[in-house]
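Each remark here refers to the structure printed beneath this line.
The values are calculated or read from the model by the stated rules, or taken from the named source; none is laboratory data. None of the values given here were measured: they were computed from a predicted structure. FYI the Cβ positions are ideal-geometry reconstructions off the backbone, even for glycines, and counts take in every protein chain you see.
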Amino acid sequence: MKVGFIGLGIMGSRMAANLLNNGYELSLYNRTPDKAEALLAQGATWCDSPEEVAKNVDVLITMLSTPEVLTSMAVATPESFVHSLKPGSIWVDCTTVDPKTSRMMAEVASARQIHFLDAPVAGSKIPAERGELLFLVGGEAEIVGRCAPLFEVMGRKTIHVGGNGMGTSLKMVINLLLGQAMAAFSEGMALGESLGIERDTLLDILLGSAVVPPFVAAKRDKITQNQFDPEFPLRWMHKDLHLAAETAFAQGVSMPLANAAKETYALAKQKGLGDNDFSAIYQFLHKREDVE
Ligand SMILES: NC(=O)c1ccc[n+]([C@@H]2O[C@H](COP(=O)([O-])OP(=O)(O)OC[C@H]3O[C@@H](n4cnc5c(N)ncnc54)[C@H](OP(=O)(O)O)[C@@H]3O)[C@@H](O)[C@H]2O)c1
């Protein structure tokens, strides 16, 4: 099976490495070619454009940043890569986008006899490296089954949520909670510390307690070392909350808390924290003067 991979950022580069390590023949493209170097040294093949990747593969995997970037590369012009995929081939999009975008991609693909799966992932840089991601998949069961061996080398579990757009629907709900939980925790820390409770005492008591979700414990070192190297960049958390807010508007669902969280991440991004890990919302809420 020939596999193509487009988008070699924090997540894509690690997912592609796991495919290579498990013997898949891999063709690659990334806007910034340098990021492909380690993978090329491991035996992957470089292509000069997304279209060149698409035309030679049985399965194409995309791991890009936003719906806008995905749309412009995949379908926007007659040169976009969907037109280069072979009829009968499979396109698996792992980008976190909104369900509407996934369904639009599926429609364009289907008109060209290409099978489409939306397959965003839960899990960040380290799970991606270890092949321990959780795949949330929307699309036809038979196509999900054909891709199962690929999901198995990149992830620990695959959940087939339903038809196209259902993988990205579930992912949207997960990130909505993730973003709000990190912001709520940071706010609690800011208040506790302002009242004179030692930071370590707060961390010892709150992390592992029933009121804080388990993922926050993994952010402890970033908080204590004031080092927010990105695993999941803050700008993408802002993007995901925006997509959730837009989708809720279309669904007639009210999300006052999510919108407050979204604007808090927007302010942190404006202060220059967009390329940091999303847990830098702690830094933003805790000591705003640090980020002026
Ligand atoms: N990091 C996480 O923990 C995590 C977890 C789950 C899901 N996600 C989602 O997975 C996706 C990728 O995340 P990531 O953390 O890997 O992000 P990233 O490191 O910023 O990588 C983004 C990728 O998109 C490409 N890209 C961005 N703008 C582009 C443009 N205008 N034209 C062409 N290519 C462009 C980048 O190319 P360059 O290399 O040239 O910039 C890179 O390959 C996002 O949708 C994110 O929300 C991330």
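If you filter the stretch 76-101 down to residues that are at pLDDT below 95 and of a type outside the set (Ser, Thr, Tyr), you find that the one that is farthest from the ligand (Cβ to nearest atom) is Pro78.
All of Gly139, Gly123 fail the test of being more than 15 Å from the chain's Cα centre (by Cα) and either within 12 Å of the ligand (Cβ to nearest atom) or under 23 Å from Val153 (Cβ atoms) (or both), apart from Gly139. The lone criterion from (1) loosely packed, with under 13 Cβ neighbours inside 10 Å; (2) over 17 Å from the mean Cα position of the chain (by Cα); (3) at pLDDT 95 or above left unmet by Gly208 is number (3). Is one or more of the residues making up the stretch 266-287 surrounded by 13 or more Cβ atoms within 10 Å (Cβ to Cβ) and closer than 21 Å to Lys100 by Cβ? No, the stretch 266-287 contains no residue that is surrounded by 13 or more Cβ atoms within 10 Å (Cβ to Cβ) and closer than 21 Å to Lys100 by Cβ. Of Met237, Met255, all but one fail to be away from the ligand (no atom under 16 Å from the Cβ), modelled with pLDDT of 95 or more and either in contact with a Leu (Cβ under 9 Å, 6 or more places away or on another chain) or within 14 Å of Asp98 (Cβ to Cβ) (or both); the exception is Met255.
If you filter the stretch 20-34 down to residues that are in contact with a helix residue (DSSP H, G or I) (Cβ under 6 Å, 6 or more places away or on another chain) and either modelled with pLDDT under 95 or crowded, with 16+ Cβ neighbours inside 10 Å (or both), you find that the one that is farthest from Ser89 (Cα to Cα) is Asn30. Here Leu176 meets each of (1) surrounded by fewer than 16 Cβ atoms within 10 Å (Cβ to Cβ); (2) within 16 Å of the ligand (Cβ to nearest atom); (3) not in a loop (DSSP other than H, G, I, E, B) with one exception, condition (1). Does Asp58 satisfy the criteria of being farther than 22 Å from Pro120 by Cβ and of a type outside the set (Phe, Trp, Tyr)? For Asp58, the condition - farther than 22 Å from Pro120 by Cβ and of a type outside the set (Phe, Trp, Tyr) - is not met. The helices (runs of 4 or more DSSP H) located wholly in the stretch 185-292 that include 2 or more residues which are among the basic types (Lys, Arg) and in contact (Cβ under 8 Å) with a residue 24 or more places away in the chain occupy 234-251. Do you know which of the residues in the stretch 124-141 that are part of a loop (DSSP other than H, G, I, E, B) and in contact with a Lys or Arg (Cβ under 8 Å, 6 or more places away or on another chain) is surrounded by the most Cβ atoms within 10 Å (Cβ to Cβ)? Within the stretch 124-141, the match that is surrounded by the most Cβ atoms within 10 Å (Cβ to Cβ) is Gly131. The single residue among Arg146, Arg130, Arg112 that is free of Cβ contacts under 8 Å to residues at least 24 places away in the same chain and out of contact with any helix residue (DSSP H, G or I) (no Cβ under 6 Å at 6 or more places or on another chain) turns out to be Arg130.
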